[in-house]
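Single-structure report; data block below.
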Amino acid sequence: MPFLNKTIWLRSFVTLWGVECKLFVRQPTAAFFTFIFPVLVFLLFGSIFGEASMWDRPDVRYIDFYAPALMAAYIGQAGLTSLTNFLAEYRLLGILKRYVVSPLSLGFYLCVHIAMQVVIFVISASILIVIAEGVFDLHFRGHWAIVLFVGMVCIACFFSLGFLVSGLSKSPRGTHALGQFLFLIMFFISGATFPRQMFPEWLQILSWGSPLTHVVTTFSGVWLGDPIAQYVNSLLFLTGITALSYLISTRTFKWEV
């Protein structure tokens, strides 16, 4: 019986994952902002900063930092805007209401979306890496296993935040607006647009309260070859945010309007 239950669970997981992937592909806007827009932004900033060195690390080109920073920012965008928009639309159309009568739990649904976004993130990141390598001769100094591990921690954090925003918001329109607002604020103070060293001191201190700042700093750091032990505090912070957001989401998440 335990084996049968695991088989049914895996089959349900794969089936729902396939459905979610098909729904994503059928939305041209989502595909554009996932696969094409990050590349356009990267080429824009790459043409501005070019071969300039980072302020605090003269041995590292800014473009080598900006590529992983933009990938990290995409994780935040996927959790706070893409996921919240999907959930708001599913709730409005009554799709989530059908899930509530099934044996699916919020954790199961969260795992399915994380798995889907991991695949989408890998594809988007691969496209960006190929273009960055061809145009700017991108340098990678880290270890792929460590980078993927950090990426998984970051994805789990922002998807739990996405579920939290969806649970706290009272309307689909409010969910969309709140997700966009939080992401844009985090994005501009995370260091994924302009170096945080350019910020006034008070804003640098304030930015450490943003999960995306820790995501950008940690993901970019291990990408550039920094030891993961250097970012233990950031990883613990992100893990704590993940656990807290998930616990609150299980009590506030709404399956219907």
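The values are calculated or read from the model by the stated rules, or taken from the named source; none is laboratory data. Treat the numbers as computed from the prediction; the structure is a model and nothing was measured. Counting neighbours? That spans all protein chains shown, and the Cβs are built from the backbone with ideal geometry, glycine included.
Could you check Trp255 against (1) without any contact (Cβ under 8 Å) to a residue 60 or more places away in the chain; (2) surrounded by 13 or more Cβ atoms within 10 Å (Cβ to Cβ); (3) not in a helix (DSSP H, G or I) and say which number it fails?
Evaluating Trp255 over (1) without any contact (Cβ under 8 Å) to a residue 60 or more places away in the chain; (2) surrounded by 13 or more Cβ atoms within 10 Å (Cβ to Cβ); (3) not in a helix (DSSP H, G or I) leaves (1) as the failure.
Hey, among the residues in region 42-53 that are outside any strand (DSSP E or B), small (Gly, Ala, Ser) and farther than 14 Å from Ile129 by Cβ, which one's modelled with the highest pLDDT?
Ser47
Pro68 is checked against (1) modelled with pLDDT of 85 or more; (2) closer than 27 Å to Glu256 by Cβ and fails just one. What number does that condition carry?
Status for Pro68: all satisfied but (2).
Is it fair to say Thr242 is among the β-branched types (Val, Ile, Thr), under 14 Å from the mean Cα position of the chain (by Cα) and either more than 16 Å from Met71 (Cα to Cα) or assigned to a helix (DSSP H, G or I) (or both)?
In short, yes.
If you go through region 174-187, how many residues are free of Cβ contacts under 8 Å to residues at least 40 places away in the same chain and either crowded, with 16+ Cβ neighbours inside 10 Å or more than 25 Å from Leu235 (Cβ to Cβ) (or both)?
Qualifying residue count for the region: 3.
For region 54-115, please list each of the helices (runs of 4 or more DSSP H) lying entirely inside it that holds at least 1 residues being surrounded by 19 or more Cβ atoms within 10 Å (Cβ to Cβ) and either aromatic (Phe, Trp, Tyr) or more than 24 Å from the chain's Cα centre (by Cα) (or both).
The qualifying helices (runs of 4 or more DSSP H) are 62-77, 83-93.
Identify, please: which residue in region 194-210 is free of Cβ contacts under 8 Å to residues at least 60 places away in the same chain and assigned to a loop (DSSP other than H, G, I, E, B) and is, among those, surrounded by the most Cβ atoms within 10 Å (Cβ to Cβ)?
Here the residue is Ser210.
Could you look through region 126-149, keep only residues that are modelled with pLDDT under 90, of a type in the set (Gly, Ala, Ser) and assigned to a helix (DSSP H, G or I), and pick out the one that is farthest from Leu43 (Cα to Cα)?
Result: Ser126.
List the pairs whose first member sits in region 221-247 and is at negative phi, whose second member is acidic (Asp, Glu) and crowded, with 18+ Cβ neighbours inside 10 Å, and whose Cβ atoms are under 7 Å apart, counting only residues at least 6 apart or on separate chains?
Leu224/Asp64
Within region 23-41, count every residue that is of a type in the set (D, E, K, R) and modelled with pLDDT of 80 or more.
0
Given the conditions (1) surrounded by fewer than 22 Cβ atoms within 10 Å (Cβ to Cβ); (2) more than 28 Å from Gly94 (Cα to Cα); (3) modelled with pLDDT of 90 or more, and given that Ser220 satisfies all but one, which numbered condition is not satisfied?
(1)
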